[in-house]
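Beneath this line is the structure, given in structure tokens, with notes to follow.
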Amino acid sequence: MLHLHDTATGRTVPVVPRTAGAFSFYVCGPTVYDVPHLGHGRSVLVFDVLRRYVEATGLAVVHVANITDVDDKIIQRAQQEDRTAAAVAGQFEELWWDVVDRLGALRPTRAPRATEYVGHMIDLIGELVAAGAAYETPGGVYLATGSVPGYGLLAHQQLDELRTGARVEVDEHKQSPTDFALWRRDEPSAAAPAWPSPWGPGRPGWHTECVVMSLDLLGEGFDLHGGGLDLRFPHHENERAQAVALGREFAHVWMHHGFVEVEGEKMSKSLGNFTSLVDLLDRTDARAFRLLVLRSHYRSPLEVTPASVADAETALGRLDAVARRFPEALSVGAGLPRQGAGPTGGETVVDEAEIAGFQSSMDDDLDTPAAVSRMFDLIRRANATADAGDGAAALRLAATVVVIARTLGLEPRGPQPGAGQADDEATDLIRRRDAARAARDFTAADALRDELHERGWIVEDGPEGTRVRRDPSS
Ligand SMILES: [Zn+2]
């Protein structure tokens with residue numbers, strides 16, 4: 001059974017789903033006001049791997065990740081650029097999904113936008129005011145954190161310590177420094193949207209959107225809430241505080257991943273472009289960044305350097321080489337084989353003991369560094385076994401590699417027609433798509449990808465541009 005480190009209890013706990021056979025989780029998504037950075041990429045990949053693994057073990061997953069499309073930073077950018085907040089949010093949301101796709105991550109089951117939930121948020125704030133847990137000031141409505149039992153649970157600090165902390169909003173009318181805005185009163189302007197409410201026109205605070213959307217889409221007592229370590233306090237603490245104040249059961253397990261570190265000042269110049277996820281993806285195989293993420297434990301800092309990216313690309317070459325040497329291994333069934341179930345007829349056989357070993361690493365707080373090192377050890381053994389002349393045993397090891405790689409979201413590339421083998425029509429579409437991508441016209445690039453797909457090609461983005469191979473299912 002999967003065990004994860006729970007930030008609330010500070011312990012590694014078994015993840016027992018609320019509903020047998022299902023798993024529900026909520027991840028805080030981006031505030032869409034700028035290009036995604038490496039930290040966003042790590043977040044997407046950490047939770048993509050969690051989801052793929054849980055799905056591979058046979059659970060039905062509901063994955064919700066929001067888009068924060070109303071926020072001070074969005075409004076600020078809109079004002080600077082003489083645009084509306086909606087225009088800024090729309091532009092960067094489109095870029096966000098393009099990056100998620102390029103990372104090879106599964107899109108969330110549901111991806112609510114904050115602006116679609118303002119009515120629900122007003123209802124929740126009204127309930128908090130009626131319950132005496134929130135109060136009105138000239139600036140808006142605030143949650144009285146002193147009224148919430150266990151406030152400080154995720155920060156692992158006492159309320160007194162938090163009160164003297166610096167990372168809180170300043171407002172002279174607040175009853176306590178840790179109290180936070182549920183509703184900010186503001187008149188609508190050209191750049192900033194405002195909604196009518198019982199407390200005057202304005203907009204909701206960030207901490208209210210996630211508690212409303214997670215409870216609405218996943219229900220009380222959902223299985224897991226995740227995000228980066230920087231969200232633990234005040235964002236997650238404050239989401240939780242609102243649920244607790246209303247007696248609602250909130251997330252069972254809290255999962256937070258570490259930061260991304262780019263080498264110090266000395267290297268910052270040569271790394272300049274890598275700090276943008278988009279530029280990293282333009283220059284490298286997206287799987288290399290995924291492998292880099294997997295090679296660090298999710299709770300540890302992740303260091304990204306040109307050398308570590310290059311090293312991951314070399315390692316991917318070994319994975320792809322094994323897929324080319326043993327193409328039959330690619331026909332292995334989807335998901336993780338049930339223990340002791342044996343082959344289901346016609347399927348390539350895998351090494352069950354190795355799969356069990358992989359699962360025990362993943363069940364141990366997603367120990368992906370151990371899982372990845374097992375995979376590369378299996379690659380080495382598959383090649384050595386084939387060199388020694390035992391083809392059947394080598395194929396079994398190679399098929400095991402494929403199952404592990406796919407569960408981690410690293411699709412191995414076997415023998416395939418490259419762009420050179422595309423027909424004239426596809427070659428033309430590829431050329432136009434690469435030009436659109438170079439011009440950052442993602443709408444056109446997406447449309448051309450869809451067109452290739454309709455003509456029976458699977459489209460992949462590599463360092464040298466668009467690559468296609470025949471879709472066997474079409
Ligand atoms: Zn959130």
- Message: I'd like the full set of residues that are surrounded by fewer than 18 Cβ atoms within 10 Å (Cβ to Cβ) and more than 20 Å from GLU249 (Cα to Cα), limited to region 140-168.
- Response: GLN157, GLN158, LEU159, ASP160, GLU161, ARG163, THR164, GLY165, ALA166, ARG167
- Just checking, which of THR466, THR443 is surrounded by fewer than 21 Cβ atoms within 10 Å (Cβ to Cβ) and of a type in the set (Ser, Thr, Tyr)? THR443
- Residues of region 297-321 that turn out to be part of a loop (DSSP other than H, G, I, E, B) and at pLDDT below 90, as a count: 1
- The residue from LEU95, LEU38, LEU45 that alone is touching a Leu at 6+ places or on another chain (Cβ under 9 Å), away from the ligand (no atom under 16 Å from the Cβ) and modelled with pLDDT of 95 or more is LEU45
- Can LEU330 be described as within 24 Å of ASP367 (Cα to Cα), in a helix (DSSP H, G or I) and either at pLDDT 85 or above or not charged (D, E, K, R) (or both)? no
- Message: Can you tell me how many residues within region 48-73 are in a helix (DSSP H, G or I), hydrophobic (A, V, I, L, M, F, W, C) and either within 14 Å of the chain's Cα centre (by Cα) or within 16 Å of the ligand (Cβ to nearest atom) (or both)?
- Response: 2
- The listed residue being in contact (Cβ under 8 Å) with a residue 60 or more places away in the chain, of a type in the set (Phe, Trp, Tyr) and either surrounded by 19 or more Cβ atoms within 10 Å (Cβ to Cβ) or not assigned by TED's automatic domain parsing to the domain that holds GLY10 (or both), out of PHE250, PHE222: PHE222
- Of the residues in region 18-35, how many are of a type in the set (Gly, Ala, Ser) and away from the ligand (no atom under 16 Å from the Cβ)? 3
- Note on the structure: Here, helices (runs of 4 or more DSSP H) confined to region 170-280 with at least 1 residues that are at pLDDT 90 or above, within 16 Å of the ligand (Cβ to nearest atom) and of a type in the set (D, E, K, R) are 206-218, 237-245
- Note on the structure: (1) within 16 Å of the ligand (Cβ to nearest atom); (2) surrounded by fewer than 20 Cβ atoms within 10 Å (Cβ to Cβ); (3) of a type outside the set (D, E, K, R); (4) not in a loop (DSSP other than H, G, I, E, B) all hold for LEU124 apart from (2)
- Look at region 437-455 and say how many of its residues are within 16 Å of ARG467 (Cβ to Cβ), modelled with pLDDT of 85 or more and hydrophobic (A, V, I, L, M, F, W, C). 3
- Output the residues belonging to region 354-386 that are among the aliphatic types (A, V, I, L, M), more than 29 Å from VAL16 (Cβ to Cβ) and surrounded by fewer than 17 Cβ atoms within 10 Å (Cβ to Cβ). ALA384
- Taking the options ASP48, ASP69, name whichever one is in contact with a Gly (Cβ under 9 Å, 6 or more places away or on another chain) and touching a residue at least 60 places away in the same chain (Cβ under 8 Å). ASP48
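The values are calculated or read from the model by the stated rules, or taken from the named source; none is laboratory data. In this text, all values refer to a predicted model and were calculated from it rather than measured experimentally. FYI the Cβ positions are ideal-geometry reconstructions off the backbone, even for glycines, and counts take in every protein chain you see.
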